[in-house]
1. Among B:Met297, B:Met344, which is the only one that is out of contact with any His (no Cβ under 8 Å at 6 or more places or on another chain), open to solvent by less than 10 Å² (accessible area, probe 1.4 Å) and within 20 Å of B:Ala177 (Cα to Cα)?
2. If you go through the stretch B:1-36 one residue at a time, how many are outside any loop (DSSP other than H, G, I, E, B), among the hydrophobic types (A, V, I, L, M, F, W, C) and within 14 Å of B:Ala112 (Cα to Cα)?
3. Please work out which one of (1) closer than 30 Å to A:Tyr83 by Cβ; (2) touching a residue at least 40 places away in the same chain (Cβ under 8 Å) is the condition C:Tyr3 fails and give its number.
4. Please tell me if A:Phe34 is in a strand (DSSP E or B), more than 8 Å from every other protein chain (Cβ to nearest Cβ), of a type in the set (A, V, I, L, M, F, W, C) and touching a strand residue (DSSP E or B) at 6+ places or on another chain (Cβ under 8 Å).
5. Could you please give the count of residues in the stretch A:53-87 that are within 20 Å of the chain's Cα centre (by Cα) and either among the acidic types (Asp, Glu) or on the phi > 0 side of the Ramachandran plot (or both)?
6. Pick from B:Gln124, B:Gln167: which is within 13 Å of chain A (Cβ to nearest Cβ) and on the phi < 0 side of the Ramachandran plot?
7. Scan the stretch B:326-371 for residues that are within 16 Å of B:Gln279 (Cα to Cα) and either at the interface with chain A (Cβ under 10 Å from one of its Cβ atoms) or assigned to a helix (DSSP H, G or I) (or both) and jot them down.
8. Could you look through the stretch B:47-83, keep only residues that are open to solvent by less than 30 Å² (accessible area, probe 1.4 Å) and assigned to a strand (DSSP E or B), and pick out the one that is farthest from C:Leu60 (Cα to Cα)?
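The values are calculated or read from the model by the stated rules, or taken from the named source; none is laboratory data. Given the structure is predicted, the values throughout are model-derived calculations rather than measurements. Cβ placement follows ideal geometry from the backbone for every residue including glycine, while neighbour counts extend to all protein chains displayed. What goes into the accessible areas is simple: the full protein's heavy atoms, side chains included, and nothing from ligands, DNA or RNA. Shrake-Rupley method; radii C 1.70, N 1.55, O 1.52, S 1.80 Å.
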Amino acid sequence: MSDKISTYPGTSLSEKEIRDGKVLSIQDQMPGKFSWDTGIAIGKYLAGLKDGVIFGSYCATCRRTVVPPRTICEWCFQPMDRYIPLEDTGIVNTFSLCYVTWDVRRIKEPETPAVIEIDGASSLHGIMHKLGEVEPQEIKIGMRVKAVWKSAEMRQGAITDILYFKPHEGSH
Amino acid sequence: MSMRKVAVVGAGMTKFVRRALETGKELSWQASSMALQSCEMTMDDVEAVCLGTAPDAFDGVHMNGEYLSDGAGAWRKPYMRSYVGGGTGVFVPIQGWYHVASGLFDVVLVVAEEKMSSYYPHAQGAFLTIFDHTTERALKPNLLWIFALEMNRYMQTYGISKEDIAQVAVKNKRNAADHPSALLGDPNITVEDVLNSEVLAWPVNRLDVSPVSDGAVAIVLAAEHVAKRITDKPVWIEGVGWNLDTAYWTNRDLAYPRYVEYAARMAYDMAGIKEPRKQINIVEPYDPFDYKELHHMEGLLLADRGEAPQMVADGVTQRDGDMPVCPSGGLLGVGNPIAAAGLMKIAELFWQLRGEAGNRQVPGQPTRGLAQAWGDLMQVGTVVIMGR
Amino acid sequence: MTYLEREPAAPKAWQDEMQVTNRYTYGVAGERFFRAIKDESKILGTRCNNCEHTYVPASLFCERCLDHLDEWIDVGTTGEIVTFTHLYVDYDGSPLLEPETIAFIKFGDGGIIHRIESNESQQIEIGMSARAVFKSKTERAGSILDILHFELMTS
């Protein structure tokens, strides 16, 4: 605030004032239900996940393999040249131990989100997923991991067809 | 390119609070009328209005720009809302700037508002909707994930500790103790307090994070001939820049914000700045989380990569240091009503460069400052350079 | 240029919801406006004498000159029908069992959108007067639905 201004507006309200009805309120929701078309490239990605394969796509102009696949390379704005089946292994680019759910409930055992660079994609190209079958304190950046899939009959063409990524000793 | 000079001539803001009695319209009006009064102007002088507000889900109002328009003074005026996520608060003055620089308007009112308390029970739930609906949202991510993931990568890449980063939260919350509008100012907070606060998403603790808030900020922009008529202390907008990285945030380097660098280079070029570390006196980088201030200082080319924590440790970024950073108290201390928080940084530079910042005044009569914000899904940088 | 093609076996769509839940308070002017409805069965406006404009619902400020408004006016409970519509489908497109009539009823220089009492709704005409019918005080919660509907004043 400028030192020329002595008062400034805005009135703080406590949760109690609302709960006790000292201040009126109404609750409402915006019920937004959607059906998003998967489109071309993400359709291929989901079809691949159903078959237990992670697909990327390759841009010959930029010599780059991206994941998830896309139809247009955002670097050169040219059509991608082809889909490429990638490995279901990779390395942990970064991770977190999260003690709060998306709707801000506290949890004792942390969720373990990570960015995983997928083998076969270009350097620093990965996807967001979760880690599992590992003590949270033992997760390290650079750790090699492998996808743990739902059984074939349970897979539906969704990112959740991969349950999580677990530590993996083998080289690719 | 022929562009007119544009000055900030007035500014106003509400308190930033967890939950405001006022509606978003009323907060917008309070900030707008205060900004106009500060330069003795009325709505008759205002030719167009620019408004910034973040996702509609927070205010719980679809078409929030239209909803807020009466409080922003937009009645029967050219009016437009801009939105680039968290970057909005520093983008909306850029939008206002080109309204005036282009010659279309002489006086423009710029307003930014957020009322996040309307999302109930907690605004974090709304952040789920920013992730890709098909490939990410099914994992039930929350906003903390992406900050925690980016912070961890930044720490690992440069060997930075949580202690190094916590110093930023301490500095900003202490600075905010001098800001009359601040929500979380604390003159006595320590690094231990930050490290001992609840772990939300390791490596992020509660006090590493800025608070969800309600608030509004407004500034008045004027063309040179008008600015010189109404004030002897105009603060000029010398450079603007904005830049967007790939929409695929898991397909790039998370340790370095290249898009912030590009936005900064655009602004430096426009302002004729060759040596930003010598020519910028005050910095207000975006600090929704404490590591982001460091990340952004590096992207702005004001610190070498991985070296920003050392500047903090050496006291360089204190209010009386060689390069004060977030003398306002930043989002960490003043609060984070998203779009309003970015415009708060512009208002801070306006007051600092006029020597009107009271207890927060940076010594040495600074002549040039930079404000920056960041947003969308970790991909947009917005930069404004101001000087007197 | 050739483009990547669609995989015939691909799932066509991904379905989900956006769970946006809100709690709204009414603000400085709204609090007084809805308290007056709830506790006093009154509709209040605020007056800007610069712009000669009366805001209904009441506003804390004038959107034209941005002045603070502190002159509160009881605008009565009878207003004029500015326009109306008969609704035969619900908001989700399903047919309404009982058609509803919604009208914009002028108070001051603004007004209220509300339902018209169903028995008489077919007689509605633009320019008619309509009067607010309030719920019993014990049923009122401090919302626009504290007004049950408007009834037409057929003189």
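1. Answer to the selection: B:Met344.
2. Final tally of qualifying residues: 7.
3. In the conditions (1) closer than 30 Å to A:Tyr83 by Cβ; (2) touching a residue at least 40 places away in the same chain (Cβ under 8 Å), C:Tyr3 misses (2) alone.
4. Against the criterion (in a strand (DSSP E or B), more than 8 Å from every other protein chain (Cβ to nearest Cβ), of a type in the set (A, V, I, L, M, F, W, C) and touching a strand residue (DSSP E or B) at 6+ places or on another chain (Cβ under 8 Å)), A:Phe34 does not qualify.
5. Within the stretch A:53-87, residues that are within 20 Å of the chain's Cα centre (by Cα) and either among the acidic types (Asp, Glu) or on the phi > 0 side of the Ramachandran plot (or both) number 2.
6. B:Gln124
7. B:Leu349, B:Gln352, B:Leu353, listed by residue number.
8. B:Ser82
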